[in-house]
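FYI, it's all coordinate maths here, none of it is from the lab. None of the values given here were measured: they were computed from a predicted structure. Ideal geometry is used to build each Cβ from the backbone, glycine not excepted, and the neighbour counts take in all protein chains shown.
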Amino acid sequence: MSIYAVLAIPYREAIRLWRGGETLWLDTPRNALPIWMTLFRPDLPRTIVVGSRGALRQEEDLGGGVRQVTLTLAFDYPYSQVPDELGLFLETEAVQRLPHAVLFWRPPDGSEIQLNEFTVDPHEVYRISADARLQRDLGGPPEAVLFTDAQNPSRVLRGRHQLIIKAFLFEKTSDMRARLVVYGKAHGLAGTDHLRRDLMIPLLWGAPIAMAFGLLAAVGSTLSTLIIAAVGVWYGRWVDGGIQRITEVNLILPGLPILILIGTLYSRSIWVILGVVILLGIFGAGIKTYRALFLQVKEAPYIEAARAYGAGSLRAVFTYMIPRAVPVLIPQFVTLIPTFVFLEASLAVLGLGDPVLPTWGKVIEDAYSKGALFSGHYYWVLEPAALLMLSGLGFTMLGFALDRIFNPRLREI
């Protein structure tokens, strides 16, 4: 999954899509369910986009340099539920005299409803569903009134709907382009959030970010702890004593509050947090475990033989002592990875995640802050939570399996 995310969506593109906000996702619905929900609810409408390219176009010269362009944006609506929203996007090249547009809606029953009329800006965004005046005139939400039978509001009008745009152009070189978006209630494999962003972006890219954070934190803290413990045991005396005192002080320091302080007062960059996590993990409880192991290794006969033929301290530590700890190191290293993955997600849920990167924890934090569970958007929370659980379960099972392989005492169990 991590490899696919990196290959399918380049890093800069993922950041652009995630940070682009609602302006970049104009054609996607807000808080839409995942598309696979249509397997259980086939009546969920999907998004329909109708552009002026290929649409019926009529042009008439009214004299005096005024032209009337009529665009008919037609589409078939086969669903038994009304859409979520309606949006119209208009573009024109007019510079001095902006066009004037009059909008009409023609449902399958042949009636015609005037929606609005206004002066069109070069990049006009008209949210039909958010038009308060239109809602007052229609007596209800526009997307509900326009797609239901006036005599029987519970019946959705299936068939061919048309949006008719009558644009009056006052410049010879000006033109009008239009795009109607009928927002559905299901979109994408993972759904969308409150900013219309496709949640597949953070779900896919959250995997390599979480794995990179967990791997780097586990490698940095575990290897550093192993080397420091071996050096302390080999040299003994004040070196070993100093390492143990630092470890004991570090063990009583509250790690999570320290990370919260750094994220609040200094930086929320994931790399800064990673560095602090590694520093706090170097002098952790693992030093005590490795020290007990190295104390036994130091008294082994082959260590005495190495001393006898003049092996140096570095060679003794890195060639003879540290390799003996590999059977203990590898399983512990693997089981530590989900710990750091959950730590990064926990910080993000607390609002201290990286503000740029799309991560699983950031998705959960957004869902929590927007009341996703209270609004019925369960997918928004369950999808990243399920990926966190699966990654943790996978690494834990792998760690236990490696422990049975490398630990001689567990091979016969």
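Here are the numbers:
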{"item": "Relative contact order %, region 45-183, counting alpha carbon pairs below 8 Å whose residues are six or more apart", "result": "41"}
{"item": "Net charge, R53 excluded, C-beta distance under 11 Å - Lys, Arg +1, Asp, Glu -1", "result": "+3"}
{"item": "Residue-by-residue Karplus 3J(HN,Hα) for region 252-261, coefficients 6.51, -1.76, 1.60, Hz, glycine and proline x", "result": "8, 6, x, x, 5, x, 5, 5, 5, 4"}
{"item": "Sorted by Cβ density within 10 Å, fewest first, the residues I364, I227", "result": "I227, I364"}
{"item": "Alpha-carbon centroids, region 123-163 and region 234-305: separation in whole Å", "result": "64"}
{"item": "Cβ-based net charge around S129, under 10 Å, with every Lys or Arg adding one and every Asp or Glu removing one", "result": "-3"}
{"item": "Percentage relative contact order, the chain, counting C-alpha pairs under 8 Å, at least six apart", "result": "19"}
{"item": "Segments 313-326, 77-90 sorted - mean Cβ within 10 Å per residue, highest first", "result": "77-90, 313-326"}
{"item": "In order through region 115-122: 3J(HN,Hα) via Karplus (6.51 cos²θ - 1.76 cosθ + 1.60), integer Hz, x for Gly, Pro", "result": "8, 6, 9, 6, 7, 8, 6, x"}
{"item": "Amide proton proximity set for L157, modelled H, under 5 Å, gap of 5+", "result": "T148, D149"}
{"item": "Area projected by the alpha carbon convex hull of the chain, averaged over all directions, nm²", "result": "29.7"}
{"item": "Amide H partners (placed H, <5 Å) of R46, local residues excluded", "result": "K185"}
{"item": "Calculated FRET efficiency for the pair W36/L56, C-beta based, R₀ 30 Å, to 0.05", "result": "0.25"}
{"item": "Long-range amide H partners of A55 with built H, under 5 Å", "result": "none"}
{"item": "Region 116-176: chymotrypsin sites (Phe, Trp or Tyr not before Pro) in DSSP coil with no more than 13 other Cβ atoms inside 10 Å", "result": "none"}
{"item": "Local electrostatic count at A325 - Lys and Arg +1, Asp and Glu -1, tallied over other residues with Cβ under 14 Å", "result": "+3"}
{"item": "Phi to ³J(HN,Hα) by Karplus 6.51 cos²θ - 1.76 cosθ + 1.60 over region 218-228, Hz, x for Gly, Pro", "result": "5, 5, x, 6, 5, 5, 5, 4, 4, 5, 5"}
